[in-house]
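*Asks:* Mind looking over this structure? Questions follow.
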Amino acid sequence: MGILSWLLLGLVAGALARLIMPAKGPRGILLTAVIGVAGAFIGGFIGTGLGIGSVQGFDLTSLFLATVGAAVLLLIYHALKSRDPD
């Protein structure tokens, strides 16, 4: 997959993850794409480990895995943020 495909997949996956887990947190289109791309890596790793598939192209399986990975990242972010004494 090319860089533009990764960015597009990351943007869509990040936006879907934000819809699934709406809460206060980092905002912005660039950060949403970064969370989505990082989520695609995590989702691909989890999907490969479980035998579901991997993120190798722009299809429904890749989008699902990337969205799950981005949601996991947001969950970790919110868990760490709630422990912050601020």
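The values are calculated or read from the model by the stated rules, or taken from the named source; none is laboratory data. This is a predicted model, so every value here is computed, not measured. With ligands, DNA and RNA removed, areas are computed over all heavy atoms of the protein, side chains included. Shrake-Rupley method; radii C 1.70, N 1.55, O 1.52, S 1.80 Å.
*Asks:* Tell me, yes or no, whether region 74-84 has at least one residue that is within 11 Å of the chain's Cα centre (by Cα) and modelled with pLDDT of 80 or more. First the steps, then the outcome.
*Replies:* Step one: filter region 74-84 for residues within 11 Å of the chain's Cα centre (by Cα), giving 74-75.
Narrowing the set further to residues that are modelled with pLDDT of 80 or more leaves 74-75.
Within region 74-84, one or more residues are within 11 Å of the chain's Cα centre (by Cα) and modelled with pLDDT of 80 or more.
*Asks:* So, one more: Out of the residues in region 55-86 meeting the condition of being in a loop (DSSP other than H, G, I, E, B) and open to solvent by less than 40 Å² (accessible area, probe 1.4 Å), tell me which one is nearest to Gly2 (Cα to Cα).
*Replies:* First pass over region 55-86, keeping only residues in a loop (DSSP other than H, G, I, E, B): 55-59, 84-86.
When the remaining residues are screened for being open to solvent by less than 40 Å² (accessible area, probe 1.4 Å), the result is 55, 57.
Details: Val55: 12, Gly57: 9 Å.
If we take residues in region 55-86 being in a loop (DSSP other than H, G, I, E, B) and open to solvent by less than 40 Å² (accessible area, probe 1.4 Å), then Gly57 is nearest to Gly2 (Cα to Cα).
*Asks:* Looking only at region 7-33, which residues are modelled with pLDDT under 80, open to solvent by 70 Å² or more (accessible area, probe 1.4 Å) and β-branched (Val, Ile, Thr)?
*Replies:* Correct list: Ile29 only.
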